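Each remark here refers to the structure printed beneath this line.
The values are calculated or read from the model by the stated rules, or taken from the named source; none is laboratory data. As the structure is a prediction and not an experimental result, all values here were calculated from the model. Cβ sites come from the backbone with ideal geometry, for glycine too, and all protein chains shown count toward neighbours. For accessibility, only protein heavy atoms count, side chains too; no ligands or nucleic acids. Shrake-Rupley method; radii C 1.70, N 1.55, O 1.52, S 1.80 Å.
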Amino acid sequence: RLGDQIDIDSTWTGQFYIVSKSSQEVRLQTISGAPVSLLGRSCGFRDTFPPQSSMFYHPSGLGAFVNATLDDASYLLFIADRDNHAIRGMSAACSFRCENNGRCVGPDKCECALGWSGIDCTKPVCQNSCGQRQLCIAPDTCDCIPGYHGNDCIVAKCAQDCANGHCSAPDVCTCTPGWFDSNCTTPVCEQTCGNGGNCTGPDTCTCPKDYTGVDCRTPVCEQECSHGGWCVAPNTCQCPPDYSGYDCSYPVCHQGFFVPFIELPEWMIEPATKSHWLEYQPCNFTSWCDETSGFDCAQTERGSSPETPHFGMNWRYKTGRKYKPTTCMMLELEKDAISHFQYMSSLDNSSTPHHRYSPNLPYDWYSNERLPWNAFHSPEPQFTQPYKSSQDRQVALAAYQNITQGAYMCANGGKCASPDVCSCAKGWIGFDCRVPICEQGYYEPELGAFVKNVKSDEDIATFEPFLDPRRPYDLDSSRGFSSNPDVSVWTERFLNGSTVRRNLTVTNGAQYLDDNGSQGGYECSLRGVTQWESYRSGYVFEHPNYFSKYMDEKIEDDGSIYSHWKGMDFPPTHRKTAKLIKYGHEFTHQHNSTTERSFIYTDVGHMKDGVWKVTGASWKKGNCIVEFARHCDDDSGEPSVAFVQDTDESYRPMITYDDKRAHITGRWFASKSDVCVDHVVRGCFNNGTCIAPNTCQCAPGWSGNDCSVPVCDQVCLHNGNCTHPNICTCERGWSGHDCSVAMCAQDCHHGRCVAPDTCKCDQWENEWRDGRVGGGVPLFQK
């Protein structure tokens, strides 16, 4: 700048020039004009704001006021925009707009209109201060801050609808109890919803159809679980041990066997019977059955096959399962539910042992190693209070199976009519229908007990010599001397899903059943039953030479004893008269010659030694005890066990139960292929044995359909009859082992008795003959 002093270093050598610069030179800087890239097009025409957006087309000259500044808004800078053919004026340049009638009065400097302030004149000015939730929005004008409204601006505004709550802060909903989320549309359930259920309302679970209850852990069964059974899984009844089937409606006979419906007789199949049923069983069902000593589960015909329950989006409404389950799957049950399933432990995923009723094991919220589902008791990232948890379930392990359905039958076509009670088919009786009926023998259809004969312990002692020495017991007074015992049976019933009641039930000697009601039973007798002594009609044959071989011991009138039975209660049906003696030409009774006199002529010699007469006493069975010998089709012909007096007492299994298992004495698993028959010893006449319906096996010396025909090795001659094995009852005038000895009233002094009362005298050839031709004729002849 001219006139200024310049200091020059004297040590410096060289040349320099001083050039004078024109004071008329004007330098101009402007921010007007649109910036572009080097290759972009910047030419054009556009008046706009901010100035950086305006466009020129080859500006060629400027015009400005001398000694003026653009800070004064009254002065403009003029630009010659050559190719736009325009003179364009530019005021002071602001890079932003001066709003609300403000004007740019200098570089980026606005002069605001009255009531406005701020760098761009956008800040209104209120002389009086606004409220706590207010803003000054225009000169001396206050309004609510965003998110509030109302006279005092204390009412919050929410963009969303607070469906189950109210707007408590801008765009913030405070939900009523039981709801949460940004608009209070997500329900809150204090309980967890199990088995695929969803929380659809406050403390309300919407369950899949297979479950119900407040938390979807109560299974639903389409069928009714009858007779004390309980629904322990979807469509799965756990039955008490005396009932079976998908609905616990079919009784179990432990003396019988299971038969599938497709193999049952038509008369046993009910309408709408299901041959198979899908249900849940304990995993490793065979092991469970063995360890609990199950009966129904061990039946060989009770088949099962694994199935997969429905799953996926189309089936969640039914089963609650989104994904395909494993073979051994988990079910959520109530925390106190009783079932036969194993329960899992949350600590280490172990499970309870196999039990008939598994011990409770609620699934906890903790594990030995921390897992995502574990509960919290202190603050954690993204988790806040309340830190609350409670045991609310048991996790059961189950397998889905297709189970063969059927019913229990008893041997020989019998039906299981009620628990452990068989209704036998025609021709069979007994608690298990293995005792044949011989109607031609001692079977009594109206007998009130299955077996009944003796009346006292003394009677048993009397009959003891005739019993099998291997017998395990006697029918004594404690059993009423009959074989319908008061059977004690343990029964179980579910009272609810968490309680099972176990009772001891006594049958009180109920009669066995058959198709017509009660079965009847057997009596017996050692007495002979023949056509001469009829058991059914009571007929007793009267004949001078016939007497019953079964009478209590007594001395007859002839001084002899003919029957040696003692204490058998065989009343004498016959008596023997005294022998007859001869006085001159008369015979009289030996023991009463003064009052009774009989004249015996030579044609009634059979009466000489006395005769038998009927006493008028009735035929009576007397003391007798029926025994049974069990024969099976694999026997060698001998009974498989000792003779028994009561098949019920001997063969009925005695079973008690606890939660863990069944405890059994004497149970055996029968099947329809097992052929075991309890032969009835003395069930047919004359010690015969009933071995099949109306089939008698006679004792030695007897034959016939009912064993009433005695067998004699010898022939009973002269119209004699075989009345007892190898014993002939001879016709009048004959005696001897085979009735070959004639009886004569007279003594054949010089001869022998050759026919009743007929002597054949000794004769010799007469030597006194006449002289006739051929030796002549005796001179003396009758």
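Here are some notes:
- Test: residue 417 is surrounded by fewer than 21 Cβ atoms within 10 Å (Cβ to Cβ), of a type in the set (A, V, I, L, M), more than 30 Å from residue 569 (Cβ to Cβ) and in contact with a helix residue (DSSP H, G or I) (Cβ under 6 Å, 6 or more places away or on another chain): no
Rundown of residues vs (1) in a strand (DSSP E or B); (2) surrounded by fewer than 23 Cβ atoms within 10 Å (Cβ to Cβ), yes/no style:
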site	(1), (2)
376	no, yes
388	no, yes
392	no, yes
395	yes, yes
399	yes, yes
408	yes, no
423	yes, yes
426	no, yes
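- Given (1) among the aliphatic types (A, V, I, L, M); (2) out of contact with any Leu (no Cβ under 8 Å at 6 or more places or on another chain); (3) modelled with pLDDT of 75 or more; (4) under 30 Å from residue 754 (Cβ atoms), index of the condition residue 662 fails: (4)
- Taking the listed residues 690, 722, 716, the one that is part of a loop (DSSP other than H, G, I, E, B) and not charged (D, E, K, R) is 716, with no other qualifying.
- Restricting 678, 648, 706, 757 to those that are closer than 30 Å to residue 291 by Cα and either buried (at least 18 other Cβ atoms within 10 Å of the Cβ) or among the polar types (S, T, N, Q) (or both) reduces the list to 648.
- Residue satisfying condition, being crowded, with 20+ Cβ neighbours inside 10 Å, modelled with pLDDT of 95 or more, within 30 Å of residue 504 (Cβ to Cβ) and not polar (S, T, N, Q), within set 256, 229, 197: 229
Each row is one residue, and each column tells you yes or no for (1) closer than 22 Å to residue 401 by Cβ; (2) open to solvent by 30 Å² or more (accessible area, probe 1.4 Å); (3) in contact with a helix residue (DSSP H, G or I) (Cβ under 8 Å, 6 or more places away or on another chain); (4) not in a loop (DSSP other than H, G, I, E, B).
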residue: 177; (1), (2), (3), (4): no, yes, no, no
residue: 182; (1), (2), (3), (4): no, yes, no, no
residue: 215; (1), (2), (3), (4): no, no, no, no
residue: 223; (1), (2), (3), (4): yes, no, no, no
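- From 162, 153, 136, 189, residue being buried (at least 16 other Cβ atoms within 10 Å of the Cβ) and assigned to a strand (DSSP E or B): 136
- Looking across the stretch 718-728, the residues that are of a type in the set (S, T, N, Q) and crowded, with 20+ Cβ neighbours inside 10 Å come down to 721, 723.
- Residue 664 over 16 Å from residue 487 (Cβ atoms), open to solvent by 30 Å² or more (accessible area, probe 1.4 Å), outside any loop (DSSP other than H, G, I, E, B) and among the hydrophobic types (A, V, I, L, M, F, W, C): no
- So residue 516, is it exposed (fewer than 12 other Cβ atoms within 10 Å of the Cβ) and either at pLDDT 80 or above or in contact with an Asp or Glu (Cβ under 6 Å, 6 or more places away or on another chain) (or both): no
- If you go through the stretch 78-119 and keep only what is in a loop (DSSP other than H, G, I, E, B) and at pLDDT below 85, you end up with 91, 92, 93, 94, 95, 96, 97, 107, 108.
- Taken together, 408, 400, 363, 442 contain a single residue that is among the aromatic types (Phe, Trp, Tyr), over 30 Å from residue 683 (Cβ atoms) and in contact (Cβ under 8 Å) with a residue 60 or more places away in the chain, which is 400.
- Among the residues of the stretch 302-313, some residue qualifies, meaning at least one is in a loop (DSSP other than H, G, I, E, B), more than 25 Å from residue 433 (Cα to Cα), free of Cβ contacts under 8 Å to residues at least 40 places away in the same chain and touching a Pro at 6+ places or on another chain (Cβ under 8 Å).
- Of all residues making up the stretch 310-346, the number that are of a type in the set (A, V, I, L, M, F, W, C), under 16 Å from residue 397 (Cα atoms) and open to solvent by less than 90 Å² (accessible area, probe 1.4 Å): 8
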